[in-house]
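Heads up: the structure comes next, in structure tokens.
The values are calculated or read from the model by the stated rules, or taken from the named source; none is laboratory data. Keep in mind it's a predicted model, so treat the numbers as computed, not measured. We place every Cβ from the backbone using ideal geometry, glycine too, and count neighbours over all the protein chains shown. Note: areas computed on protein heavy atoms with side chains; ligands, DNA, RNA excluded. Shrake-Rupley method; radii C 1.70, N 1.55, O 1.52, S 1.80 Å.
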Amino acid sequence: MKFGTKVIHAGIRPDPATGAIMTPIFQTSTYVQNAPGDHKGYEYARTQNPTRSALEENLAALENGKEAICFSSGLAAMDAILKMYKPGDEILSTNDLYGGSYRLITKVFENFGLKGRFIDMSSPEDLIEQISSSTKLLWIETPTNPMLSIVDIKRVVELAHAKGIKVCVDNTFASPYLQQPLNLGADMVLHSATKFINGHSDVIHGCVIVNDKEIADQLRFIQNAAGAVPGPMDCFLVLRGIKTLHLRVQRACENAEKIAHFLKSCDAVSKVFWPGFEDHPNHTVARDQMKMFGAMVSFDLKNNSSASANKMLSGTNYFALAESLGGVESLIGHPASMTHASIPKEERLKVGLTDSLIRLSVGIEDVDDLISDLDQALSN
Ligand SMILES: *Cc1c(COP(=O)(O)O)cnc(C)c1O
């Protein structure tokens, strides 16, 4: 099955009781048993729910994995992964990552003895010196957030596996339409399905997709034991959003490409970050590992002050000033004060995240309207 068929059909079967073509929302907490232990495979809805099972089967297919395990949010999915590790274990992560992921490692799991270290992984060969005897997991975001640098997943996996270290890729920014890390050797793929996968800015949801049965069993155990499960209504909405994933991401990437080129031509803009530019430092890796260059574009202003950024941020009409990304509507954000406020300023500046950096999540509106909107906001 090809991608555009998987989004519609993988894991989806007409309801055996009624023939309903769409997966029903099984809004129930428990299931009746005929006799103790004699049931239809469903006992209690923290453990199993048929709407969630259909979604898990669909998500596994999208990432070309064997099993998907769903959670109530992207961070709940990350929390479950981190719970597989023990005091003293080190998580080595990209240094330019989602603020909430950084906060979960440093402010929650460091209290339980895990260690987090954050490094630049854009040149994989430098990674070898960074790996220590306590490193147990590499945590990769690519494209990174918000600087949109690219990590060579295949090469990093080779280096990590040679030392017996597992690799998890947070694939939220790319979506499985653009990039499938399990095919490149990664052990786990995480999504905040809140973003492109659901795509309609109306659900918080997360998942992990794996090929290895042992990791799947561990995560399944934690899903049930800790209980951060999504509700059936949210699973239904994510399933519905997925049906247009390929169309939405394709259009959003086409729009982002035009917007990146437009911004590059603007006098008020000093630098545009988008992996599709041939002079982007990891352009060739992006071209090889992604189908298109993504729907995220970041840029910095020549007038390098938060005041000029604020003016731009409050001056758009179609781009809504909001956290999050990956919805059908375009969003504009200020990473320094919004998504990345939980990262200390000196850490932010190390990766180039200045107070005037602006991040766009490009939606699927008519691109001419989006460009005129940015144009008028920049010239105010
Ligand atoms: C939003 C996001 C998360 C967290 O997901 P939630 O669903 O908000 O918990 C993790 N990683 C990335 C890259 C994100 O954009």
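The set of residues from region 24-79 being within 25 Å of the chain's Cα centre (by Cα) and polar (S, T, N, Q) comprises Thr47, Gln48, Asn49, Thr51, Ser53, Asn58, Asn64, Ser72, Ser73. Which one is farthest from Leu245 (Cα to Cα) among residues in region 329-350 that are surrounded by fewer than 21 Cβ atoms within 10 Å (Cβ to Cβ) and in contact with a helix residue (DSSP H, G or I) (Cβ under 6 Å, 6 or more places away or on another chain)? Among those that are surrounded by fewer than 21 Cβ atoms within 10 Å (Cβ to Cβ) and in contact with a helix residue (DSSP H, G or I) (Cβ under 6 Å, 6 or more places away or on another chain), it is Ser342. Within region 125-158, work out how many residues are within 21 Å of the chain's Cα centre (by Cα) and of a type outside the set (D, E, K, R). Qualifying residue count, region 125-158: 17. Of all residues in region 46-55, those that are surrounded by fewer than 22 Cβ atoms within 10 Å (Cβ to Cβ), of a type outside the set (Ser, Thr, Tyr), in contact (Cβ under 8 Å) with a residue 24 or more places away in the chain and within 20 Å of Asp217 (Cβ to Cβ) total 1.
For (1) within 23 Å of Val203 (Cβ to Cβ); (2) open to solvent by 20 Å² or more (accessible area, probe 1.4 Å), each residue gets a yes or a no:
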position: Pro275; (1), (2): no, no
position: Thr284; (1), (2): no, yes
position: Asp288; (1), (2): no, yes
position: Phe293; (1), (2): no, yes
position: Ser298; (1), (2): no, no
position: Ala307; (1), (2): no, yes
position: Ser356; (1), (2): no, no
position: Gly363; (1), (2): yes, no
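Residues in region 148-158 that are open to solvent by less than 20 Å² (accessible area, probe 1.4 Å) and more than 16 Å from the ligand (Cβ to nearest atom): 2 in all. Residues in region 288-339 that are over 24 Å from Gly4 (Cβ atoms) and charged (D, E, K, R): Asp300, Lys302, Lys311, Glu323. Remark: pairs (first residue in region 1-30, modelled with pLDDT of 95 or more; second residue charged (D, E, K, R); Cβ separation under 7 Å; 6+ apart in sequence or on different chains) = Val7/Lys243; Ile8/Lys243; Ala10/Glu57; Gly11/Glu57; Pro24/Asp15. With respect to the conditions (1) open to solvent by 10 Å² or more (accessible area, probe 1.4 Å); (2) within 11 Å of the ligand (Cβ to nearest atom), Ala193 falls short on a single one, namely (1). For Leu82, the conditions (1) aliphatic (A, V, I, L, M); (2) touching a residue at least 40 places away in the same chain (Cβ under 8 Å); (3) within 16 Å of the ligand (Cβ to nearest atom) all hold with the exception of (2). Looking only at residues in region 85-109 that are part of a loop (DSSP other than H, G, I, E, B) and within 15 Å of the ligand (Cβ to nearest atom), the one that is most open to solvent (accessible area, probe 1.4 Å) is Tyr98. Looking only at region 44-84, residues that are of a type in the set (S, T, N, Q) and not in a loop (DSSP other than H, G, I, E, B) come to 3 in all. Just one of the numbered conditions (1) crowded, with 21+ Cβ neighbours inside 10 Å; (2) under 30 Å from Ala322 (Cβ atoms) is not true of Val210: (2). When region 127-147 is filtered for residues that are in contact with a strand residue (DSSP E or B) (Cβ under 8 Å, 6 or more places away or on another chain) and either open to solvent by 50 Å² or more (accessible area, probe 1.4 Å) or away from the ligand (no atom under 15 Å from the Cβ) (or both), the ones remaining, listed by number, are Leu127, Gln130, Ile131, Ser132, Ser134, Thr135, Lys136, Leu137, Leu138. Summed over region 133-153, the residues that are in contact with a Lys or Arg (Cβ under 9 Å, 6 or more places away or on another chain) and modelled with pLDDT under 95 give a count of 2.
Scanning region 90-116 for residues that are touching a Gly at 6+ places or on another chain (Cβ under 8 Å) and β-branched (Val, Ile, Thr) yields Ile91, Ile105, Thr106.
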